[in-house]
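Have a look at the structure below before the remarks.
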Number of protein chains: 2
Amino acid sequence: MKKRNLPLSRVYRLLEPGPVVMLTTAGLKGANVMTMSWHMMVDFEPPIVACVISNRDYTFETLRRTRECVINIPTVNMARKVVGCGNTSGSKTDKFKKFCLTPVPASEVKAPLIDECYASLECKVIDTTMVEKYNIFILEVVKAWAAPHRTYPSTIHHFGRGNFMVAGRTISLPSRMK
Amino acid sequence: MKKRNLPLSRVYRLLEPGPVVMLTTAGLKGANVMTMSWHMMVDFEPPIVACVISNRDYTFETLRRTRECVINIPTVNMARKVVGCGNTSGSKTDKFKKFCLTPVPASEVKAPLIDECYASLECKVIDTTMVEKYNIFILEVVKAWAAPHRTYPSTIHHFGRGNFMVAGRTISLPSRMK
């Protein structure tokens, strides 16, 4: 998918609505991808993001060691791949191959972008203070990519056990909120 | 709105899809409410939630002092009130009165539930380690309330400057994910 460089000041608009994302890392045995819903914006610019990655996940140790990842945002047409990646461990499976995902080299980190996702955020881990107690990693987005789109993309939003809400219509209200 | 006690094990299903929420606190000058999108689940049960509250917000000091709040989840019919609360400071305005919101006493905390919201989560602050550096509060949900509903409620999801995505259709895929 043809993505353009996105100004870092706009990154919060992608993550604030709470889409399911696919997190890639570059491990010793190659790239891996996991499905993740537990993330939030922490600051606008530079964009700081917090996320929770279970210490039972294969990604956990890789992220702790490499301190780099890419947050990729899929749309509803990828729902089966998203669920598949969430139900499979990277410890034994090459999930890029199994789910026909195309890794594309990133510009600032070793973890790959996922070509099929409409947006990809290259991140560096900047704080691990809360990893031991809560599995919370603090990331800084150092480079952002997004495919041009006129309407809000059909992101998916997990509400448990494989049930997802698909992004619906959009509304605009006069607001001074950023 | 008639809400029932919701098992704490189900709380993650409400927050994981990333809805805009309205956070209430009980301050020295009465209850206050602010609009918030920067939150994430941290653990399932007991439900632990992280959220970011700017130190420029009136709620910041109140939450730090009282260590109690309620996360209320509005639906699209309340969008104007949600934006209004986001654009007004509680330092000079009684937002419950100004936006015709009905406070209802909570059971475990002093901050009120908002009657018009379909779900309300009574929370206690359990960790302030990351407040100084990132404005991140760690909350534990101690009591949860939700109105019975057959379909996923029409939550709103902010993507910047008063633009919101409204929850659309739902899809279900076979999954081992929680």
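The values are calculated or read from the model by the stated rules, or taken from the named source; none is laboratory data. Here the structure is a predicted model, which means the values were calculated and not measured. Please note: Cβ atoms are built from the backbone with ideal geometry, for glycine as well, and neighbour counts cover all protein chains shown. SASA here: full protein model, heavy atoms, side chains in, ligands and nucleic acids out. Shrake-Rupley method; radii C 1.70, N 1.55, O 1.52, S 1.80 Å.
Using a label point 7 angstrom from Cα along Cα-to-C-beta, what distances in nm, from shortest up, separate B:Lys29 from the other copies?
5.9
Please build a GNM for chain A, connecting alpha carbons under 10 Å apart, and tell me which residue among A:Val104, A:Val33, A:Val11 fluctuates the most.
Of A:Val104, A:Val33, A:Val11, the most mobile in the Gaussian network model is A:Val104.
Along each of its three principal axes, how wide is the spread of alpha-carbon positions in the stretch B:49-135, in whole angstrom units, largest first?
On the principal axes, the stretch B:49-135 reaches 36, 28, 22 Å in Cα extent.
Which listed residue (B:Met130, B:Leu101, B:Ser91) has the Cα farthest towards the positive end of the charge dipole for the stretch B:85-133, taking +1 on Lys and Arg C-beta and -1 on Asp and Glu C-beta about the Cα centre?
Most positive-ward Cα: B:Ser91.
Only helical DSSP H runs with n ≥ 4 go in: add -39500 (n - 2.57) per run for chain A, normalise by residue count and round the 222 nm mean residue ellipticity to 500 deg cm²/dmol.
Mean residue ellipticity, 222 nm, calculated: -3500 deg cm²/dmol.
Would you please report the Å³ per residue occupied by the convex hull of the alpha carbon atoms in the stretch B:16-75?
About 86 Å³ per residue, rounded to a whole number.
What's the average, rounded to a whole number, of partner chain beta-carbon atoms within 10 Å of each residue's beta-carbon in B:68-76?
Mean shielding by partner chains, rounded to a whole number: 0.
Give me D for the protein assembly as shown in µm² s⁻¹, whole number, from Stokes-Einstein with Rh from the Kirkwood sum over alpha-carbon pairs, 37 °C and 0.692 mPa s.
161 µm²/s
Of all accessible surface on the protein assembly as shown at a 1.4 Å probe, what whole percent is carbon and sulfur?
49 percent
Classify the stretch B:111-167 as rounded, prolate or oblate from the Cα gyration tensor: take a ≥ b ≥ c as the square roots of its eigenvalues, call it rounded if a/c is under 1.5, otherwise prolate when a/b beats b/c and oblate if not.
Taking the square roots of the gyration eigenvalues as a ≥ b ≥ c, the stretch B:111-167 is oblate.
Using a Gaussian network model of chain A whose springs link C-alpha atoms within less than 10 Å, name the residue from A:Lys133, A:Lys98, A:Lys110 with the highest mean-square fluctuation.
Fluctuation is largest for A:Lys133.
Pull out a ≥ b ≥ c, the square roots of the eigenvalues of the alpha-carbon gyration tensor of the stretch A:78-178, then state rounded if a/c is under 1.5, prolate if not and a/b is larger than b/c, and oblate in the remaining case.
Rounded is the answer for the stretch A:78-178, as its axis ratio a/c remains below 1.5.
Ignoring ligands, DNA and RNA, how do B:Thr35, B:Thr24 rank by accessible area with a 1.4 Å probe, largest first?
Of B:Thr35, B:Thr24, the descending order of accessible area is B:Thr35, B:Thr24.
With a cut-off of 8 Å between alpha carbons and a minimum separation of six or more residues, what is the relative contact order of the stretch B:1-129 in percent?
28 percent
Which value, in debye to the nearest 20, gives the size of the charge dipole of the protein assembly as shown about its Cα centre, when Lys and Arg are +1 and Asp and Glu are -1 at the Cβ?
The dipole of the protein assembly as shown has a size of about 860 debye.
Where does each of A:Ser120, B:Ser89 land when they are ordered by accessible area, with a 1.4 Å probe and the largest first?
Ranked from most to least accessible, the order is B:Ser89, A:Ser120.
Quick one: grab the alpha carbon gyration tensor of chain B, order the square roots of its eigenvalues as a ≥ b ≥ c, and give me rounded if a/c is under 1.5, else prolate or oblate depending on whether a/b is larger than b/c.
Rounded.
In the Gaussian network model of chain B, springs joining C-alpha atoms below 10 Å, which of B:Arg150, B:Arg67, B:Arg80 carries the largest mean-square fluctuation?
Most flexible of the set in this elastic network: B:Arg150.
Arrange the residues A:Trp145, A:Trp38 by how much accessible surface each exposes, largest first, with a 1.4 angstrom probe.
Greatest to least solvent exposure: A:Trp145, A:Trp38.
Please compute the average number of Cβ atoms from other chains found within 10 Å of each residue's Cβ in peptide B:10-17.
That works out to 5 on average.
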